[in-house]
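Data first, discussion second: the structure below is written as structure tokens.
The values are calculated or read from the model by the stated rules, or taken from the named source; none is laboratory data. The model shown is predicted, which means the values in this text are computed figures rather than measured ones. All Cβ positions, glycine included, derive from the backbone under ideal geometry; neighbour counts span all protein chains shown. These area figures cover heavy atoms from the full protein model, side chains too; ligands, DNA and RNA do not enter into them. Shrake-Rupley method; radii C 1.70, N 1.55, O 1.52, S 1.80 Å.
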Amino acid sequence: MKNKPLVDRVYKYKNKDRNFFCPLCRTERNVTTSPRLTKKNIVQITLTSIMIAAALYPLVGVNGGVVFFAVWGFFELAIRSDYKKQIACPHCGFDATSYKRDVRVARQQVADFWAQKQGVTPSVSEASAKRT
Ligand SMILES: [Zn+2]
């Protein structure tokens with residue numbers, strides 16, 4: 001049974017953004033967030049920056065408009081970190097985002113995941129020795 005997924009019965013999210021199969025263990029996966037900003041997020045960014053700019057108006061005047069870019073950056077970071085949290089496979093520990101950046105890091109994460117699952121905490125010296 002080589003093509004059998006690791007976990008057959010998985011929890012299905014109601015408002016999922018997309019579903020896919022884990023490339024390592026073939027388990028069906030769902031994520032509820034998207035790494036891109038939605039229309040709702042753009043409205044939130046606009047309203048938040050208007051509020052902050054209005055609060056800062058007595059101090060900086062119309063220059064408070066630059067706060068929009070700071071709020072935008074903050075939202076972008078928050079949404080990406082939320083997505084990254086969901087993309088890692090809870091069944092085998094495979095993280096596609098770190099695989100894309102560095103394959104060795106992703107391999108180490110999967111190894112650490114299985115070591116932790118078996119009740120062994122990987123030593124820090126061992127992990128850093130493998131990287132060099
Ligand atoms: Zn997996």
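Of all residues in segment 75-98, those satisfying the criterion of being touching a residue at least 12 places away in the same chain (Cβ under 8 Å) and either of a type in the set (D, E, K, R) or in a helix (DSSP H, G or I) (or both) are F75, E76, I79, R80, D82, Y83, K84, Q86, I87, D95, A96, T97. Going through (1) open to solvent by 100 Å² or more (accessible area, probe 1.4 Å); (2) under 30 Å from W114 (Cβ atoms) one by one, P90 falls short only on (1).
When only residues in segment 84-95 that are under 30 Å from S49 (Cα atoms) and in contact with a helix residue (DSSP H, G or I) (Cβ under 9 Å, 6 or more places away or on another chain) count, which is farthest from the ligand (Cβ to nearest atom)? Spell out how you get there, then give the answer.
In the first step, residues of segment 84-95 are kept if they are under 30 Å from S49 (Cα atoms); the result is 84-87.
If we keep only those that are in contact with a helix residue (DSSP H, G or I) (Cβ under 9 Å, 6 or more places away or on another chain) as well, we get 84, 87.
Working: K84: 15, I87: 11 Å.
Result: K84.
Can you pull out the residues in segment 21-47 that are without any contact (Cβ under 8 Å) to a residue 40 or more places away in the chain and either touching a Ser or Thr at 6+ places or on another chain (Cβ under 7 Å) or within 16 Å of the ligand (Cβ to nearest atom) (or both)? Of everything in segment 21-47, those that are without any contact (Cβ under 8 Å) to a residue 40 or more places away in the chain and either touching a Ser or Thr at 6+ places or on another chain (Cβ under 7 Å) or within 16 Å of the ligand (Cβ to nearest atom) (or both) turn out to be F21, R26, E28, N30.
From the list S81, S98, the lone residue that is open to solvent by less than 70 Å² (accessible area, probe 1.4 Å), within 16 Å of the ligand (Cβ to nearest atom) and polar (S, T, N, Q) is S98.
May I ask you to list the residues in segment 1-21 that are aromatic (F, W, Y) and either outside any loop (DSSP other than H, G, I, E, B) or surrounded by 10 or more Cβ atoms within 10 Å (Cβ to Cβ) (or both)? Passing the criteria: Y13, F20, F21. Applying the criterion of being closer than 14 Å to F74 by Cα and β-branched (V, I, T) to the residues of segment 46-60, the residue that is surrounded by the most Cβ atoms within 10 Å (Cβ to Cβ) is T48.
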